[in-house]
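Some notes on the structure that comes next.
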Amino acid sequence: MTTSNPSPKRPTLTDVATASGVSVALASIVLRNAEGASEASRQKVKEAAAALGYRPDSRARSLRSHRSRTLGLTLMLGEPLHAQLADALYQEAEINGYELILGATSTQRDEQRTMDTLIDAGVEGIIAVASSLSPAEISNLATQVPVISLLRKYTGIPSVLTDEAAGIKHLVEHLADTGHTRLVHLDGGSAVASRQRAAAFAKAISHSAGRLHGEVVPAGASEHIAAQALGNYLEQLDPEHWPTAVIAFNDRSALGARQTILSRGLRIPQDMALTGFDDSEFARLAFADLTTSQQDVSALAASAMNLAIAPTSGSRTVKHPPRLVIRSSAPGTPQAGPHSS
């Protein structure tokens, strides 16, 4: 007859206290990062906890507090900015003593089903990144569990946003300052924030008192759609009327636009400057080196977490300004070329 070895006993708070030579109460204070322990005691307890492989039992803590201390997070697979936000939110959750359950949506899994799964899992709240749900759908969910909308504004739902208008305005002003007068904006189609960015572009052009000429071109948030949209647009114009700068909806669509620009034998930025939005990993690729409007991922995540762990009534909105990041696709000095303004 064979016997199996029992699973190793999970280290407890008492084990940590014994190993470090302090009381259980003092060990608890240290591991909760609470006040009341000397630096020497903190060092001893933390060293003992690390040596034993101790980590808090979140299930036991939840039972004692009658709270799950778990939040749901929904995002779209394949979106670089969403991945950055998830990473930052995991850090915020760790700092605040919470766990995150990730609910990814895709072409094969709709957001409503993902939300329902998170609610069934007993989360205390849900942070929804760039939700595609209708106002009625999101409001219905908010009657079941607090919902924080990240990157999209909903009436009656706490929202954390980037100042889209400021980001586009900075891009237009930067291009104007470097000598460009003919601009085009590839919009994001049905993507969240597409209308806001297109409207901000149109407003910036209209406020230039005739110095700038610009057009919004219907496109989309992916590389393929943006490449096709820009290609179709250029084919309708004589080369002398081509824009000298393109502001793409996001960094992914900017990569698509880049493909089209280069396929026409044009140089970036000498013949046609190019900018994106988000400052995702795509913008930082060496071959792209994309000028873009950087969303403040850390600030967005911190605000969303604060609203999620301390929900308030009403529809509080927190807005964070983006930052212009200048790279070689639209540098800070005027470029001379055959299509320059």
Practice task
Just the number, please: carbon plus sulfur as a percent of the accessible area of the chain, 1.4 Å probe, no ligands or DNA/RNA counted.
Solution key: 52 percent
Fill in the blank from the handout: If R0 = 35 Å, then Thr107 and Ala25, at their Cβ-Cβ distance, give a FRET efficiency to the nearest 0.05 of 0.10
Exercise for the section: May I have the extent of the alpha carbons of the range 210-341 along their three principal axes, as whole Å values ordered from largest to smallest? Expected result: 56, 32, 28
Handout entry: Residue-normalised accessible area of the chain, expressed per residue, 1.4 Å probe, Å²
Key = 50 Å²
Handout entry: Distance between modelled label sites at Glu39 and Ser328, nm, 7 Å Cα→Cβ extension
Key = 4.7 nm
Practice task
List every residue whose amide H lies under 5 Å from the amide H of Gly103, counting only residues 5 or more places away in sequence or on a different chain, with H placed 1.01 Å from N in the peptide plane.
Solution key: Leu73, Thr74, Leu75
Fill in the blank from the handout: Rounded to the nearest 10 Å², the accessible area of Asp87 using a 1.4 Å probe with every protein chain kept is 90 Å²
Problem - Phi-based couplings in Hz for the range 190-207 (Karplus 6.51, -1.76, 1.60; Gly and Pro marked x) - result: 8, 5, 4, 6, 4, 5, 5, 6, 5, 5, 5, 5, 4, 5, 5, 5, 5, 7
Fill in the blank from the handout: On the formula 1/(1 + (r/R0)^6), with r taken between the Cβ atoms of Ala310 and Gln270 and R0 of 45 Å, the FRET efficiency rounded to 0.05 is 0.30
Completion exercise
Residue separation between Glu94 and Ser190 times 0.36 nm, minus their alpha-carbon distance, gives in nm 31.2 nm
Fill in the blank from the handout: Scalar couplings 3J(HN,Hα) for the range 79-91 by Karplus 6.51 cos²θ - 1.76 cosθ + 1.60 (θ = phi - 60°), nearest whole Hz, x for Gly and Pro, are 9, x, 5, 5, 5, 4, 5, 4, 4, 5, 5, 4, 5
Problem - Nitroxide proxy distance, nm - points 7 Å out along Cα→Cβ at Ala136 and Asp87 - result: 4.0 nm
Completion exercise
Karplus-derived 3J(HN,Hα) from phi for the range 181-186 (6.51 cos²θ - 1.76 cosθ + 1.60, θ = phi - 60°), whole Hz, x at Gly and Pro, runs 10, 10, 10, 9, 10, 7
Exercise for the section: For Val216, enumerate residues with amide H under 5 Å from its amide H, sequence gap 5+ or separate chain, H modeled in the peptide plane. Expected result: His185
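Using unit Cβ charges (K, R positive; D, E negative) and no other charged atoms, how large, in debye to the nearest 20, is the dipole of the range 191-328 about its Cα centre?
Charge dipole of the range 191-328: 460 debye, to the nearest 20.
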Practice task
With everything on Cα atoms, drop me the angle between helix 223-235 and the longest principal axis of the chain, reported from 0 to 90° to the nearest 10.
Solution key: 10 degrees
Exercise for the section: Return a single number: how many Lys pairs in the chain, at a sequence separation of 8 or more or on separate chains, have alpha-carbon atoms below 28 angstrom apart. Expected result: 8
Practice task
Per DSSP H run of at least 4 residues, take -39500 (n - 2.57); add these up for the chain, divide by its residues and hand me the 222 nm value, nearest 500 deg cm²/dmol.
Solution key: -12500 deg cm²/dmol
Completion exercise
If one builds a Gaussian network model of the chain from Cα atoms under 10 Å apart, the most fluctuating residue listed among Tyr54, Tyr233, Tyr98 is Tyr54
Handout entry: Other-chain or far-sequence residues with amide H under 5 Å of Arg152's (modelled H)
Key = Ala130, Ser131, Val160
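The values are calculated or read from the model by the stated rules, or taken from the named source; none is laboratory data. Everything numeric in this text was worked out from a predicted model, so none of it was measured. In this analysis, Cβ positions are derived from the backbone assuming ideal geometry, glycine residues included, and neighbour counts consider all displayed protein chains. Side chains are part of the model used for accessible areas, which takes the heavy atoms of the whole protein and leaves out ligands, DNA and RNA. Shrake-Rupley method; radii C 1.70, N 1.55, O 1.52, S 1.80 Å.
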